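Chemist: Pasting in a structure now, in C-alpha cells, and then I'll have a few things to ask.
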Amino acid sequence: YLRIYCRGLLPAHGILLLADFRARNCSEVREACVGKGFSFTHVPLQEIPGQHLRVCPQGNTCCTQEMEDTFGQQSKQDFENLVDEMSHELRSILTSRHKRFDEFFLELLENTERSLNEMFVRTYGKPYMQNSEVFENLFAELKRYYTGGNVNLEEMLNDFWSRLLERMFTLLNSQYVITEDYLECISKYTDQLKPFGDVPRKLKAQVTRAFIAARTFVQGLSVGKEVAQRVSKVSSTPACIRALTKLLYCPFCQGMPTVKPCKNYCLNVMKGCLANQADLDPEWNQYIDAMLLVAQRLEGPFNIESVMEPIDVKISEAIMNMQENSAQVTYRVFQGCGEPKPAGMTRSARGVSDVFNARFRPYSPDERPTTAAGTSLDRLRIVWAAMQHSVVDIKEKLKLSKKFWSNFPEAMCVEERVTAGNASDEECWNGHTKGRYFPEVQKDGLTNQMNNPEVGVDITRPDTFIRQQIMALRVMTNKLKNAYNGNDIYFQDSSDEGSGSGSGSGCTEVCPTDMDGAATEAPLVKADRSGPLDDSALLLAPSVALPTMLALSALAVHRQWR
C-alpha cells in the first residue's frame, strides 16, 4: 500500500481506510461473546466479508453464519425473558391477592358457621341440634355459590326460610300430626305469613349483594391473573425475531458490542413485536375500572364480613319474631291448609319430653360462644382488618396496572434493559451503524404497524390467542359491572330485591286477610330467669313452652340491627 501510495496510485484517504480496517479487529467481540456465555467454534480475529449474513449488514463483519444464527435464537430468548420479567410483578400481585382473598372468604364462611352452631347449641339446645341440618345446608349452599356453583342465591335463601318455618311449625304444634303434604301447603304461604318479620328480606338483600361482590371480585382476580400469565408467554414471529436480532446483536457483527440501540429504534421494534399485546389495553383498562368498582363493595356497608359476622343474631331475631307471632301464624296456616289431625296426649307429651330432656341454660349477651382456639369471630375481625388493608393495597396496585400492555415497549426500551438511554443521538446503534435514528416512532396497536420500518407486521391477521384473552376480559368486565349493581349475571331474571315478598305465593280465596281468630292466641308464659325451667312446667303447656323458651332466649341474644 505504501509503495502504491508513493507512486501516486492510492489517494490519501485510502491510508485512513486501511488504518480503520486494521483498527476494527474482532477481539472486543470475542470478549463480549465470552462474557455473554456464547461458545462459538470460531470467532474471526479480524473482520471478514459478510456476504453470508441474512439479517445483519453484509459489509465487513466479525460474525460467521453460525454466530448470526445463534444470535437469532438468543434474541428470541432474550425478548421472551424480558417480557416475562416485565410482567412478573403484575402476575405475582394478581396471584397472591387472589389466593389471599379466596382463603379469607372461605375462612369467614367456615368460622361464621361454627360460631352460629356454637351459639345455637348453647341457646336452643336439642331443638336446634335436631334440626341443625337446615343451617348446615344454608352454609353448604353459600359455600357452593362462592366456589362457583350454579346456585340462585335468592331462591336458596327463600328455601332456607321455608324449611325453617316448616321445622319450627312442627315443633310449635307437636300435638298435631304434621305430614309432608301439610308442610308443602305451609311453604306456599311463607311470603304472606311473614313469620320471621322483615329479617328474611333484609338478609336476602345483604347476603346476595355481599356474596355476588365477593365471588365476582375473586373471579376477577383469577381471570386477570390467567390473562396476564397467558399474554406474557409471547410467540415471536419470524419477522419479529429478525428485527430483534438486528436490534440486539448486529452491533456485535459490526465490531461494536458495547454500543446500545437508539431509543426510538428500540420502540419501533418493540411496538411491532408487541402490536397484538397493545390491543389488549382498552379491554384491560375497562376490566381494571370494573375491578375497582367492585372493590368498593368490599369496603362498603354490604361487604361480606359485615353481613356474615352477625348472621347468627339476625337469624335468632327472625326466630324471636316467629315465637312472638306463633299463634297468628298457626291460625293462618290452619285457615289456609286446614287443621291437622291431633296426635294424642301421650305422643305429644313424649315428643316434648324428648325435645327438652336436658336442662336449658339461658344465654348471656355478654359472652360469645368460644372454642378452644378462642372466639372465632374475634379472630376474624383481626383478619378482616388486615383484609381491609389488602383491599386498599389491591386497589392501588390495580390503578398502576392501567395501560400496562401499551406501556410495555416504553418500559422495555430503557437504558438498564436495552437502549443507550441518555447517550447522544449520534452514539447509539440505529440498525445499520452508530449514528442518529431518523424514522418516526409508530403508534401502539396492530393497525398502526402498517408502515413500521423495522418489523413486517401483517395487520390483517390478528393473533387469535390474544383475541381470546380480550374476550375473556370483556366477559369478566360485564360480570363485574353487574356485581357492582348487585346483579348476578347468571340469574338476571331473578325477582327484584326491592319487590318485597314477591308474587305467586299460591294463596287463593281461603287465605286469611285478618285476625278474626286472635282470641284463640295462647297466653304468654313468663319464666323465672333466676334459674333453669324444670321439665314439669314445660309439660303443662306443650304448645306454648317452645315458643316461650325460644323467645326469651332470642331476646337475650338480640342486639341492635346492623
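Chemist: Can you give me the number of residues within segment 241-269 that are of a type in the set (A, V, I, L, M, F, W, C) and touching a Leu at 6+ places or on another chain (Cβ under 9 Å)? Quick ask: steps written out before the conclusion?
Modeler: We begin by selecting, within segment 241-269, every residue of a type in the set (A, V, I, L, M, F, W, C); these are 241, 243-244, 247-248, 250, 252-253, 256, 259, 262, 266-267, 269.
Subset that is touching a Leu at 6+ places or on another chain (Cβ under 9 Å): 250, 253, 266, 269.
Within segment 241-269, residues that are of a type in the set (A, V, I, L, M, F, W, C) and touching a Leu at 6+ places or on another chain (Cβ under 9 Å) number 4.
Chemist: How do the pairs read when you match residues in segment 39-68 that are surrounded by fewer than 19 Cβ atoms within 10 Å (Cβ to Cβ) with residues anywhere that are not in a loop (DSSP other than H, G, I, E, B), using Cβ under 6 Å and keeping only pairs 6 or more apart or on different chains?
Modeler: 40/67; 46/25; 52/65; 53/68
Chemist: Taking segment 465-488 as the region of interest, how many residues are part of a helix (DSSP H, G or I), over 15 Å from the mean Cα position of the chain (by Cα) and buried (at least 17 other Cβ atoms within 10 Å of the Cβ)?
Modeler: Number of matching residues: 3.
Chemist: Of these, 268, 276, 285, 264, which one is over 25 Å from residue 397 (Cβ atoms) and either without any contact (Cβ under 8 Å) to a residue 40 or more places away in the chain or open to solvent by 20 Å² or more (accessible area, probe 1.4 Å) (or both)?
Modeler: 264
Chemist: Just to be sure, is residue 200 within 18 Å of residue 131 (Cβ to Cβ) and either open to solvent by 20 Å² or more (accessible area, probe 1.4 Å) or more than 41 Å from the chain's Cα centre (by Cα) (or both)? Quick ask: steps written out before the conclusion?
Modeler: Values: within 18 Å of residue 131 (Cβ to Cβ): yes; either open to solvent by 20 Å² or more (accessible area, probe 1.4 Å) or more than 41 Å from the chain's Cα centre (by Cα) (or both): yes.
So residue 200 passes the test.
Chemist: Considering segment 140-189 alone, what residues qualify as being among the aromatic types (Phe, Trp, Tyr), more than 24 Å from residue 206 (Cα to Cα) and assigned to a helix (DSSP H, G or I)? It would help to see each step written out before you state the result.
Modeler: Of the residues in segment 140-189, the ones among the aromatic types (Phe, Trp, Tyr) are 145-146, 160-161, 169, 176, 182, 189.
From the residues that got through so far, the ones that are more than 24 Å from residue 206 (Cα to Cα) too are 169, 176, 182.
Scanning segment 140-189 gives 169, 182.
Chemist: Now, a different point. Looking at 228, 210, can you tell me which residue is touching a residue at least 40 places away in the same chain (Cβ under 8 Å), out of contact with any Cys (no Cβ under 8 Å at 6 or more places or on another chain), closer than 30 Å to residue 84 by Cβ and buried (at least 22 other Cβ atoms within 10 Å of the Cβ)? Explain how you work it out, then say what you get.
Modeler: Details: 210 fails: closer than 30 Å to residue 84 by Cβ.
Checking each option against the conditions leaves just 228.
Chemist: Is there a residue being closer than 26 Å to residue 277 by Cα, out of contact with any strand residue (DSSP E or B) (no Cβ under 9 Å at 6 or more places or on another chain), open to solvent by less than 20 Å² (accessible area, probe 1.4 Å) and modelled with pLDDT of 90 or more anywhere in segment 415-433?
Modeler: Within segment 415-433, none of the residues are closer than 26 Å to residue 277 by Cα, out of contact with any strand residue (DSSP E or B) (no Cβ under 9 Å at 6 or more places or on another chain), open to solvent by less than 20 Å² (accessible area, probe 1.4 Å) and modelled with pLDDT of 90 or more.
Chemist: If residue 85 satisfies every condition in (1) without any contact (Cβ under 8 Å) to a residue 24 or more places away in the chain; (2) in a loop (DSSP other than H, G, I, E, B) but one, which is the exception?
Modeler: Condition (2) is where residue 85 drops out.
Chemist: Now for a separate question. Among the candidates 220, 255, single out the residue that is at pLDDT 95 or above and not hydrophobic (A, V, I, L, M, F, W, C).
Modeler: So the residue among 220, 255 that is at pLDDT 95 or above and not hydrophobic (A, V, I, L, M, F, W, C) is 220.
Chemist: Return the pair list, or none, for Cβ contacts closer than 9 Å from residues in segment 384-410 that are over 16 Å from residue 288 (Cα atoms) and in contact (Cβ under 8 Å) with a residue 24 or more places away in the chain to residues that are open to solvent by less than 40 Å² (accessible area, probe 1.4 Å) and not in a helix (DSSP H, G or I), at least 6 apart or on different chains.
Modeler: Close Cβ pairs (under 9 Å, with a partner that is open to solvent by less than 40 Å² (accessible area, probe 1.4 Å) and not in a helix (DSSP H, G or I)) amount to 384/303; 384/309; 387/298; 388/298; 388/303; 408/274; 409/274.
Chemist: Residues in segment 246-261 that are of a type in the set (Ser, Thr, Tyr) and either under 35 Å from the mean Cα position of the chain (by Cα) or buried (at least 23 other Cβ atoms within 10 Å of the Cβ) (or both): how many?
Modeler: Residues of segment 246-261 of a type in the set (Ser, Thr, Tyr): 249, 258.
Pick out the ones that are also either under 35 Å from the mean Cα position of the chain (by Cα) or buried (at least 23 other Cβ atoms within 10 Å of the Cβ) (or both) and you get 249.
Residues that pass the stated criteria total 1.
Chemist: Answer yes or no: is there a residue in segment 498-512 that is at pLDDT below 90, farther than 21 Å from residue 406 by Cβ and under 28 Å from the mean Cα position of the chain (by Cα). Before the answer, list the steps.
Modeler: Within segment 498-512, the first condition is being at pLDDT below 90, and the residues that meet it are 498-512.
Retained after the next criterion (residues that are farther than 21 Å from residue 406 by Cβ): 498-512.
The next check asks that each one be under 28 Å from the mean Cα position of the chain (by Cα); those that pass are 498.
Yes, the conditions are met somewhere in segment 498-512.
Chemist: Among 96, 115, 132, 92, which is the only one that is surrounded by fewer than 19 Cβ atoms within 10 Å (Cβ to Cβ), more than 24 Å from residue 396 (Cβ to Cβ) and small (Gly, Ala, Ser)? So that I can check it myself, show each step before the final result.
Modeler: Values: 96 fails: more than 24 Å from residue 396 (Cβ to Cβ); 115 fails: surrounded by fewer than 19 Cβ atoms within 10 Å (Cβ to Cβ); 92 fails: more than 24 Å from residue 396 (Cβ to Cβ).
After ruling out the rest, the residue left standing is 132.
Chemist: If you don't mind, there's one more thing I want to ask. Going residue by residue through segment 402-410, is there one that turns out to be within 24 Å of residue 110 (Cβ to Cβ), assigned to a helix (DSSP H, G or I) and at pLDDT 60 or above?
Modeler: Filtering segment 402-410 down to residues within 24 Å of residue 110 (Cβ to Cβ) leaves none.
Scanning segment 402-410, I find no residue that is within 24 Å of residue 110 (Cβ to Cβ), assigned to a helix (DSSP H, G or I) and at pLDDT 60 or above, so the answer is no.
The values are calculated or read from the model by the stated rules, or taken from the named source; none is laboratory data. Everything numeric in this text was worked out from a predicted model, so none of it was measured. Positions of Cβ are backbone-derived with ideal geometry, glycine not excepted, and every protein chain shown enters the neighbour counts. Remember, those area values only see protein heavy atoms, side chains included, never the ligands or the DNA or RNA. Shrake-Rupley method; radii C 1.70, N 1.55, O 1.52, S 1.80 Å.
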